[in-house]
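Asker: Sharing a structure, written as structure tokens. Questions coming.
Each reported figure results from applying straightforward, stated rules to the coordinates on display, with no laboratory input. What you see is a predicted model; the values in this text were computed from it and never measured. Neighbour counts are summed over all protein chains in view; Cβ atoms, including those assigned to glycine, are modelled from backbone coordinates with ideal geometry.
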Amino acid sequence: MMYNSRISGTGSYLPEKQLTNSDIEKMVDTTADWIKDRTGISSRHVAKMSEATSDIGAASALKALEMAGLKVDDIDMIITATITPDHVMPNTACLIQQKIGARNVMSFDLSAACSGFIFGLSVADQFIRTGVHKNILVIGAEVLTRIVNYQDRGTCILFGDGGGAAIVSRAEENSESQFYSHHGHGEGRYGDLLMLPAGGSKTPFNQEALSKDEQFVIMKGRDIFKQAVRTMSECCSEALNANKMQSSDIDWLIPHQANLRIINAVAKHFDFPKDKVVIEIEDVGNTSAGTIPIALDRAVRDGRLQRGQNILLAAFGGGLTSGSLLFKY
């Protein structure tokens with residue numbers, strides 16, 4: 001027997017400290033207005049040194065549980081999408097499992113950069129759909145400011161810290177809520193457009209890597225912009241075509257919040273009106289795997305998203321990865 005999946009609860013967490021454009025213009029050759037005009041970002045959040053990705057994920061998870069009306073013991077699996085884990089080992093999902101007091105359940109990290117949360121939802125859907133589990137916690141959380149070079153204008157203006165969570169649950173038989181479809185892609189030939197050079201088996205951390213600033217994220221901005229618009233547009237088309245829907249059938253588009261110009265370009269491609277696009281980038285910035293769950297949670301909590309509406313998620317990220325998920329909330 002196959003079951004439908006539904007999102008039963010959401011939560012998000014943003015660190016208290018904020019780094020404004022005015023703060024950044026004191027660090028690199030830029031201006032606050034230029035940053036806002038080019039990206040749509042005015043400020044981004046910065047984790048305290050005592051805060052790690054697992055802390056952000058745990059705080060988001062507890063809020064999602066509360067909204068869903070579930071207990072920690074109801075969780076059957078934990079998936080954490082992140083490119084800034086607390087450690088290479090143990091994985092961050094296991095640390096979150098311990099911090100929220102969850103049972104001894106399968107807990108693992110998923111590394112797909114900004115597409116990670118959508119990939120995590122798609123994995124959760126398989127376990128729910130096939131009847132293996134009933135409630136799966138999916139988290140997207142990052143502390144990106146630890147891997148940003150604040151002398152690199154091309155990256156330091158974009159990234160912030162934060163995350164969110166959603167609980168994917170088995171839908172009741174009479175529930176309208178369901179996941180229609182999800183699609184994911186990876187194009188390794190574009191891997192050098194957005195990457196963190198050091199810290200892996202190819203280039204371990206050593207003095208040579210540090211002297212080259214290879215511990216920081218690097219990005220080819222113009223190329224990324226082109227690929228972002230292309231891949232998210234393709235993923236949206238794929239979702240609509242698979243479900244024989246038109247853009248007019250979608251109540252809300254929630255795109256990865258990387259850059260306002262990218263969001264606007266994708267929305268224009270499908271003739272999505274601005275009032276049908278969830279945009280939360282101005283005071284959050286790009287939080288990679290955290291952007292979609294943060295935007296989703298904010299839209300749920302302020303009442304924009306209502307049960308019975310069709311929601312389309314779309315993302316792209318380093319890899320290059322890209323993906324979409326279309327569901328009835």
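Asker: What is the distance in Å between the Cα centroid of segment 104-149 and that of segment 1-49?
Answerer: Using only Cα atoms, the two centres lie 20 Å from each other.
Asker: Springs between alpha-carbon pairs under 10 angstrom, Gaussian network model over the chain: which of Asp302, Asp23, Asp213 fluctuates most?
Answerer: Of Asp302, Asp23, Asp213, the Gaussian network model singles out Asp302 as fluctuating most.
Asker: Further, regarding this structure: Using a/c under 1.5 as the rounded threshold, could you call segment 61-132 rounded, prolate or oblate? The axes a ≥ b ≥ c are square roots of the C-alpha gyration tensor eigenvalues, and prolate needs a/b larger than b/c, oblate otherwise.
Answerer: oblate
Asker: Once you have the Cα-Cα distance between Asp213 and Ser248, take 0.36 nm times their residue separation minus that, and quote the gain in nm to one decimal.
Answerer: Working: separation 35, 0.36 × 35 = 12.60 nm, distance 4.65 nm.
So the chain would gain 7.9 nm between Asp213 and Ser248.
Asker: Right, another one. What Kirkwood hydrodynamic radius do you get for segment 1-127 when you take the inverse of the mean 1/r over all pairs of distinct Cα atoms, in Å?
Answerer: One over the average 1/r among Cα pairs gives 16.6 Å for segment 1-127.
Asker: Could you name the lysines in cross-link range of Lys226, using Cα to Cα under 17 Å and dropping any fewer than eight places away on the same chain?
Answerer: Lys268
Asker: Please give, to one decimal in nm, the separation of the simple spin-label points placed at Gln178 and Glu16, each 7 Å out from Cα toward the Cβ.
Answerer: Each label point lies 7 Å from its Cα, and together they span 4.6 nm.
Asker: In nm, what is the difference between 0.36 nm times the number of residues separating Thr130 and Lys48 and their Cα-Cα distance?
Answerer: Value of the extension gain: 25.4 nm.
Asker: Can you tell me the FRET efficiency between Glu282 and Val88 if r is taken as the Cβ-Cβ distance and R0 is 22 Å, rounded to the nearest 0.05?
Answerer: With a Förster radius of 22 Å, E is 0.10.
Asker: Sticking with this one: Mind ordering 39-52, 195-208, 175-188 by average Cβ neighbours within 10 Å, highest first?
Answerer: Packing proxy ranking, top to bottom: 39-52, 175-188, 195-208.
Asker: Between Asn241 and Asp29, with labels modelled 7 Å along Cα→Cβ, what's the label distance in nm to one decimal, could you check?
Answerer: Calculated label separation equals 4.5 nm.
Asker: So which of Lys36/Lys274; Lys17/Lys99; Lys71/Lys134; Lys48/Lys99; Lys63/Lys274 end up more than 20 Å apart, counting from Cα to Cα?
Answerer: Exceeds cut-off: Lys17/Lys99; Lys63/Lys274.
Asker: Could you tell me what a quarter of the Cα convex hull surface of the chain works out to, in nm² with one decimal place? All intermediate terms of the calculation are to be shown ahead of the outcome.
Answerer: Values: hull surface 64.9 nm².
Its average projected convex-hull area is 16.2 nm².
Asker: What do you get when you divide the Cα radius of gyration of segment 178-328 by 2.2 N^0.38 Å, with N the number of residues?
Answerer: So segment 178-328 has a normalised radius of gyration of 1.14.
Asker: Could you tell me which of His87, Phe119, Ala267 has its Cα farthest along the dipole of the chain towards the positive end, charges placed at Cβ (Lys, Arg +1; Asp, Glu -1), taken about the Cα centre?
Answerer: Checking the options against the dipole of the chain, the answer is Ala267.
Asker: Please compute the alpha carbon radius of gyration of segment 1-47, then divide it by the globular-protein estimate 2.2 N^0.38 Å. Two decimals is fine.
Answerer: Relative to the rule-of-thumb radius for its length, segment 1-47 sits at 1.92.
Asker: May I ask for the net charge around Phe117, where only other residues with Cβ less than 15 Å from the Cβ of Phe117 are counted and Lys, Arg are +1 while Asp, Glu are -1? Numbers along the way, then the final one.
Answerer: Values: positive: Arg298; negative: Asp109, Asp125, Glu142, Glu280, Asp297.
With Lys, Arg at +1 and Asp, Glu at -1, the net is -4.
Asker: Then there is this: Can you return the aspartates and glutamates within cross-link range of Lys244? Criterion is Cα-Cα under 12 Å, with same-chain partners fewer than 8 residues away left out.
Answerer: Reachable aspartates and glutamates: none.
Asker: Between Asp33, Asp86, Asp251, where does the largest GNM mean-square fluctuation fall for the chain, given springs only between Cα atoms within less than 10 Å?
Answerer: Among Asp33, Asp86, Asp251, the largest GNM mean-square fluctuation belongs to Asp33.
Asker: Viscosity 1.306 mPa s, temperature 10 °C: give me the Stokes-Einstein translational D for segment 92-190 in µm²/s, with Rh taken as the Kirkwood radius over C-alpha pairs.
Answerer: D = 100 µm²/s.
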